[in-house]
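**Q** What follows is a single structure, and I will ask about it in a moment.
Just so you know, all these numbers are worked out from the coordinates, no wet-lab data involved. Please read all numbers here as calculations on a predicted model, not as lab measurements. Cβ coordinates were reconstructed from backbone atoms using ideal geometry, including for glycine residues, and neighbour counts include every protein chain displayed.
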Amino acid sequence: MKDHEAWAEFGDVLRLPINPETDYVGGIPWEGAGFKPELPLVDIGPGSGLTTVALAEQFPDAEIIAVEPDPWMRSMLMMRIAERDPLRARATVVPNSILDAWMPEQIGGALLFNVIYFLGGRARLAFWDRMAQVLPEGAPILMSRAYGVVDTGEELVRTASSTMGRNTYERWRQTVPVKDGRVEITNTYKTIRGGEVVREVTTKIAPFSLDEELVVSEIPIGKFAIEELSEKYLVIRRAPDIRR
């Protein structure tokens, strides 16, 4: 089983109980980001769609574009949209990488949460160029300050636990640096019933291990301005084009 397949099964339950202060769709600094909801808003790599729903709820009159290349995650994303009548009429799901995806000619902003570390160096440069083409002056990319660096180390560490019915679900994580600037993350998902492990699923994923200095240095000067909103978020805002 691949990691995105396991996350499709276990991800929602492992969020429980939801703590608004630590949950990754809680505490999003919408006001500081300065979205332009009169234009379509884009959620880049939303996975199962939790952030897409949050974006749509925050801007109830905006058109929403969700760009998700993974079919397992996209099926959950589409289910979340389909079961919400008001959202279904104004949300479009695009099944491509952001580098290849259709987008409107102009958008009023984008979410970029936990995505940048899946793009290689050339792909990251191409991403910023692509976004500069569709963002008008002042429109933001709200980016999470997550760069693929996981601190659990080579020891297997339990990172999440939750209960549904008679089952307790746990995620255990181990990280090991590998070649080409990547880190290999091993996730082990355990199902426990009556004190015994009745199922165990192990997956591996190898994102790039980046740091903020590198990511910020790649953002084109003259096309974007960078603002620090909080410990968790940066705004990458489209700057005015230089006119001579």
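**Q** Would you confirm whether or not the range 210-232 contains a residue that is touching a Phe, Trp or Tyr at 6+ places or on another chain (Cβ under 7 Å) and closer than 28 Å to GLU170 by Cα?
**A** Yes, that holds for at least one residue.
**Q** Working only within the range 193-244, note down all residues that are touching a Ser or Thr at 6+ places or on another chain (Cβ under 6 Å) and among the aliphatic types (A, V, I, L, M).
**A** Across the range 193-244, the qualifying residue is only VAL198.
**Q** Given the residues GLU137, GLU155, which is the only one that is in a loop (DSSP other than H, G, I, E, B), farther than 23 Å from LYS232 by Cβ and in contact with a Pro (Cβ under 7 Å, 6 or more places away or on another chain)? Explain how you work it out, then say what you get.
**A** Details: GLU155 fails: in contact with a Pro (Cβ under 7 Å, 6 or more places away or on another chain).
Residue meeting the stated conditions: GLU137.
**Q** If you don't mind, there's one more thing I want to ask. From the list ARG90, ARG80, pick out the single residue that is among the basic types (Lys, Arg), touching a strand residue (DSSP E or B) at 6+ places or on another chain (Cβ under 9 Å) and over 20 Å from LYS232 (Cβ atoms).
**A** Details: ARG80 fails: touching a strand residue (DSSP E or B) at 6+ places or on another chain (Cβ under 9 Å).
Unique residue meeting the criteria: ARG90.
**Q** Something else: Select from the range 46-78 the residues that are of a type in the set (Val, Ile, Thr) and assigned to a helix (DSSP H, G or I) and write down the one among them that is surrounded by the most Cβ atoms within 10 Å (Cβ to Cβ).
**A** Among them, the one singled out is THR52.
**Q** Here's a follow-up. May I ask you to list the residues in the range 164-197 that are in a strand (DSSP E or B) and without any contact (Cβ under 8 Å) to a residue 12 or more places away in the chain? Let's see the steps before the verdict.
**A** In the first step, residues of the range 164-197 are kept if they are in a strand (DSSP E or B); the result is 164, 167-177, 182-193, 196-197.
Within the range 164-197, GLU196, VAL197 qualify.
**Q** Restricting attention to the range 73-120, report how many residues are over 15 Å from the mean Cα position of the chain (by Cα) and within 25 Å of VAL149 (Cα to Cα).
**A** So the count comes out to 2.
**Q** So, one more: Would you confirm, using the coordinates I've provided, whether LEU99 is farther than 20 Å from LEU135 by Cα, among the hydrophobic types (A, V, I, L, M, F, W, C) and either in contact with a helix residue (DSSP H, G or I) (Cβ under 8 Å, 6 or more places away or on another chain) or without any contact (Cβ under 8 Å) to a residue 40 or more places away in the chain (or both)?
**A** Working: farther than 20 Å from LEU135 by Cα: no; among the hydrophobic types (A, V, I, L, M, F, W, C): yes; either in contact with a helix residue (DSSP H, G or I) (Cβ under 8 Å, 6 or more places away or on another chain) or without any contact (Cβ under 8 Å) to a residue 40 or more places away in the chain (or both): yes.
So LEU99 fails the test.
**Q** Something else now. Residue by residue through the range 20-42, note down the ones that are outside any loop (DSSP other than H, G, I, E, B), touching a strand residue (DSSP E or B) at 6+ places or on another chain (Cβ under 9 Å) and surrounded by fewer than 17 Cβ atoms within 10 Å (Cβ to Cβ). Steps first, please.
**A** Restricting attention to the range 20-42, the residues satisfying the condition of being outside any loop (DSSP other than H, G, I, E, B) are 30-33, 41-42.
With touching a strand residue (DSSP E or B) at 6+ places or on another chain (Cβ under 9 Å) added as a condition, the list becomes 30, 32-33, 41-42.
Within the range 20-42, TRP30, GLY32 meet the criteria.
**Q** Please state which one of THR51, THR22 is more than 13 Å from the chain's Cα centre (by Cα) and hydroxyl-bearing (Ser, Thr, Tyr).
**A** Working: THR51 fails: more than 13 Å from the chain's Cα centre (by Cα).
Step by step, each of THR51, THR22 is checked, and only THR22 is more than 13 Å from the chain's Cα centre (by Cα) and hydroxyl-bearing (Ser, Thr, Tyr).
**Q** Go through the range 102-113 and count every residue that is among the aliphatic types (A, V, I, L, M) and either free of Cβ contacts under 8 Å to residues at least 24 places away in the same chain or touching a Cys at 6+ places or on another chain (Cβ under 7 Å) (or both).
**A** Result for the range 102-113: 0.
**Q** A further question on this structure: Regarding GLU38, is this residue among the charged types (D, E, K, R) and either touching a Pro at 6+ places or on another chain (Cβ under 8 Å) or under 24 Å from THR92 (Cα atoms) (or both)?
**A** Numbers: among the charged types (D, E, K, R): yes; either touching a Pro at 6+ places or on another chain (Cβ under 8 Å) or under 24 Å from THR92 (Cα atoms) (or both): yes.
Considered against the rule, which asks whether it is among the charged types (D, E, K, R) and either touching a Pro at 6+ places or on another chain (Cβ under 8 Å) or under 24 Å from THR92 (Cα atoms) (or both), GLU38 comes out as yes.
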